[in-house]
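This report refers to the structure that appears directly beneath it.
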There are 2 protein chains.
Amino acid sequence: MRLTENQRCVLAALRRAKRPLGAYELLERLRSQGFSAATQIYRALEPLLEHDLVHRIESVKGYVACSCPDDCQHAHMAFTVCESCGRHDEFATEEVEDMISASLEKTGFAPASTTIELHGACPDCARRVDRSR
Amino acid sequence: MRLTENQRCVLAALRRAKRPLGAYELLERLRSQGFSAATQIYRALEPLLEHDLVHRIESVKGYVACSCPDDCQHAHMAFTVCESCGRHDEFATEEVEDMISASLEKTGFAPASTTIELHGACPDCARRVDRSR
DNA sequence: AAAAGTACGTTATAACGTTACAAAATAATC
DNA sequence: GATTATTTTGTAACGTTATAACGTACTTTT
C-alpha cells in the first residue's frame, strides 16, 4: 500500500504515541506539520484503518498504530487498555478465535469484524498498586 | 433498585426497541412523554448503566436494555450485532471467560471490564442472503 | 495538452456527550 | 405538620467527536 504524505504523518504520530490518541489530539500534534482541520485527520485515518495499519479502540474513542509485523493477517484483533497508564497492547490468542467460533456454533451468528477490548490494570500498574498497599 | 420516572421511561423505550438506540434517538421517541433535552436521557441512562439494566454498545454508539433475567450476574457481557438488520443479542459463554483468563495468564493483564462486540450477519439475515444468490 | 481521477484545504454542520445552575419534588428531621 | 436537607428535574450553554459539501491542485492516463 502506497501512503500519501498526510497518511504517513498520521501513522508516524500514532507510532510515536504511547497510548491511543483521539483525532483532535492528533490534529494538535500535527499542526506544526501543516494540518489545520479535523477532516484532514479523519481522511488520512480512513485508508489506514481500512488496511489495518491503524486500529480504532472504540471504548476510548482513540486510534493506535497496528503493532503487528507487516505481513500480519489481522484476523480478529483484541486489545488490552490499562486504566491507569493508558498503555495498550494487541493480542490475538487462540482463545479469541475459540470464542468467536463458539458464538457461531451456539447462536448461528457469523461475525465479520469484532471489537474486543479489555480494560483493567497492566502488569506494571497492578504491581505498583500492590506495592503501595 | 428503585427507578425514577425518567429512568423507567428510558428503560421501557429501550425494551420496546429492536436494536440499539442512540441517546438522541431515545430523546425523539420520548418527546411525547415530556422529555426535551439530551441531558435528561444521559442522566437517566447513568444509573441504568451502572446497575447493568442497560448496556452501551460502543461500536454502534447505542444503548440496549439488558436481556438477562433480573438476578443475572453480568460478569462479562458480549454482544452480537447484525450489520444488516441491526438486531443485537447478548451472550456470555464459557469461551468468553476462557479468553479473559487466557489474557491474564499469558500477558499478566487483569481485566476489570470488557467491551466484546461481534459484528456480522445474524442467522436470519445470513439465510436471506444465501437464498438470494 | 485534455480528460479523468485522486488528494487536498477550508468551512460548516451533524452527532454524541457534559457542565452549570436554579426550580421543583421527594424524603428526613424536628 | 412545618422546616430543612437531599435528590431529581428542566433549561441552556458548552465541549468533543465525526462527516458533508465545496472548490482547487496535482497526478496519471490517454
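The values are calculated or read from the model by the stated rules, or taken from the named source; none is laboratory data. Just so you know, these numbers come straight off a predicted model, no measurement behind them. Because the Cβ atoms are built from the backbone with ideal geometry, glycine has one as well, and the counts that use them run over all protein chains shown. Heads up: the accessible areas ignore ligands, DNA and RNA and are worked out on the full protein's heavy atoms, side chains in. Shrake-Rupley method; radii C 1.70, N 1.55, O 1.52, S 1.80 Å.
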Which count do you get for residues in the stretch A:63-120 that are touching a residue at least 60 places away in the same chain (Cβ under 8 Å) and farther than 28 Å from A:Arg8 by Cβ? 1
Residue by residue through the stretch A:7-23, note down the ones that are at pLDDT 95 or above, open to solvent by 20 Å² or more (accessible area, probe 1.4 Å) and away from DNA strand C (no atom under 11 Å from the Cβ). A:Ala12, A:Arg15, A:Arg16, A:Arg19
Do we find that A:Val96 is in contact with a His (Cβ under 6 Å, 6 or more places away or on another chain) and at pLDDT 95 or above in this structure? no
Can you list residue pairs whose Cβ atoms sit under 6 Å apart, with the first residue in the stretch B:6-30 being within 15 Å of B:His55 (Cα to Cα) and the second being charged (D, E, K, R) and assigned to a helix (DSSP H, G or I)? Count only pairs 6 or more apart in sequence or on different chains. B:Ala13/B:Arg29
Just need a number here: residues in the stretch B:55-71 that are modelled with pLDDT of 95 or more and away from DNA strand D (no atom under 12 Å from the Cβ). 7
So, in the stretch B:31-45, of the ones that are near DNA strand D (Cβ under 10 Å from one of its atoms) and surrounded by 18 or more Cβ atoms within 10 Å (Cβ to Cβ), which residue ends up nearest to the other protein chains (Cβ to nearest Cβ)? B:Ile41
Given A:Leu48, A:Leu104, which one is out of contact with any Phe, Trp or Tyr (no Cβ under 7 Å at 6 or more places or on another chain) and away from chain B (no Cβ under 13 Å)? A:Leu48
